[in-house]
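Let me begin by presenting the structure, written as structure tokens, before commenting on it.
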Amino acid sequence: MDGNQKFYGARIVRRRDIAADLWSIRVQRDAEFHFLPGQYATLGVLAPHKHIERPYSIVSSPYESELEFFFELVPRGELTPALHKLNVGDELTMRKVAKGRFTLDLQVHRNHLLLCTVTGVAPFVSYIRTLSNDARQNKFPEGHRLFLLEGASRSWEFGYLEELKRIADEVPWFKYVPTVSRPWEDRNWTGEVGRVDDLIRKYTHLWELMPETTSAYLCGHPKMIDNSSGILVRRGWAKEHIKEEIYFVPKEHATAI
């Protein structure tokens with residue numbers, strides 16, 4: 001695209017609107033695009049006077065023929081309003097090389113505590129879809145277990161709720177707890193309530209997760225990440241066993257998104 005060999009035009013083949021400001025897309029995958037679960041792709045649009053790009057974690061598994069992404073609209077942002085206007089058949093740009101080190105580390109610990117908010121679930125869905133496929137092929141890494149605590153203000157912001165609940169019901173190696181922090185705005189919600197960082201102590205205890213046997217992965221809002229990382233460190237987790245991927249930029253910096 002545009003004579004630049006670093007990019008190709010990714011055509012949208014499906015769009016799913018999750019909430020007024022949340023949506024996912026699937027794009028055709030270039031045969032040469034390879035990635036690991038947890039990595040990101042750099043997406044962009046060609047504006048009249050510049051090429052605007054940002055990194056987005058890949059939701060899909062490397063086993064899938066299409067690439068899936070989960071977005072949150074930042075009204076005053078530079079890129080997400082343009083992405084929000086795109087629909088099936090439209091193209092966006094995508095760099096040909098995936099990047100990122102927010103991958104599942106299977107070498108150190110067998111327990112993996114996954115903490116996220118809203119679109120921060122994206123790399124974790126990629127982990128879980130990949131491991132589910134591995135399990136069906138008898139290639140699952142023996143003894144490994146994943147524990148996902150996902151936070152949102154209201155339940156309709158959980159983009160993959162039904163899929164994750166279904167997998168958690170079907171397999172012994174995955175536990176999933178979604179939690180809503182504004183239950184007064186979501187009267188029909190009957191699940192867990194509270195912020196992710198408020199529930200870490202409860203669920204590390206219930207799941208019997210210890211620093212000596214558990215790696216932690218934090219993805220999403222920076223305040224959640226800061227608070228959760230601090231709680232884990234105070235509970236004995238070594239910083240090198242806590243991975244972080246910050247998605248959301250505070251409102252005062254929203255124009256940079």
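Table for the structure above
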quantity: Order by protection proxy (mean Cβ within 10 Å, highest first), peptides 154-160, 193-199, 205-211; calculated: 154-160, 193-199, 205-211
quantity: Over 27 Å (Cα to Cα) - which of Lys50/Lys96; Lys85/Lys175; Lys99/Lys239 fall in this group; calculated: Lys85/Lys175
quantity: Segment Tyr63-Val88, length gained on full extension (0.36 nm per residue, minus Cα span); calculated: 6.8 nm
quantity: Nearest 10 degrees, 0 to 90: helix 122-136 Cα axis against the chain principal axis; calculated: 70 degrees
quantity: Percent of alpha-carbon pairs separated by more than 34 Å within the chain; calculated: 16 percent
quantity: Inter-probe distance in nm under a simple model that places probes 7 Å from Cα toward Cβ, at Asp134 and Lys202; calculated: 3.0 nm
quantity: Relative contact order %, the chain, counting alpha carbon pairs below 8 Å whose residues are six or more apart; calculated: 19 percent
quantity: Förster radius 35 Å - calculated FRET efficiency between Ala19 and Val97, Cβ distance, rounded to 0.05; calculated: 0.65
quantity: For the chain, calculated [θ]222 nm from helices alone, where every DSSP H run of n ≥ 4 adds -39500 (n - 2.57); calculated: -6500 deg cm²/dmol
quantity: Unit charges at the beta carbon, dipole of the chain: most positive-side option, Phe102, Tyr63, Tyr203; calculated: Phe102
quantity: Highest average packing first - 178-185, 85-92, 67-74, Cβ atoms within 10 Å; calculated: 67-74, 178-185, 85-92
quantity: Other-chain or far-sequence residues with amide H under 5 Å of Tyr176's (modelled H); calculated: Leu148
quantity: Packing rank of 116-122, 220-226, where each peptide gets the mean count of other beta carbons within 10 Å, highest leading; calculated: 116-122, 220-226
quantity: Dipole magnitude (debye, nearest 20) for the chain, charges at Cβ of Lys, Arg, Asp, Glu; calculated: 160 debye
quantity: Net length gained if the chain between Lys165 and Ser153 were fully extended (0.36 nm per residue, minus Cα distance); calculated: 2.5 nm
quantity: Degrees separating the helix 222-234 axis from the principal Cα axis of the chain, which is the longest one; calculated: 30 degrees
quantity: Amide proton proximity set for Ala98, modelled H, under 5 Å, gap of 5+; calculated: His34
quantity: On Cα atoms only, tilt of 161-170 relative to the major axis of the chain in degrees; calculated: 50 degrees
quantity: Neighbour-limited loop hits for trypsin sites (Lys or Arg not before Pro), region 1-50 (at most 12 other Cβ within 10 Å; DSSP other than H, G, I, E, B); calculated: Lys6, Lys50
quantity: Spin-label zone in region 133-175 - amide nitrogen under 13 Å from a point set 7 Å from the Cα of Val193 along the C-beta vector; calculated: 154-155
quantity: Region 111-252: C-alpha gyration tensor shape, a/c 1.5 cut-off, then a/b vs b/c; calculated: oblate
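Coordinate-derived values only; no laboratory data. A quick note: this is a predicted structure, and the numbers were derived from the prediction, not measured. Don't worry about glycine lacking a Cβ; one is built from the backbone with ideal geometry, like all the others, and counts go over all protein chains shown.
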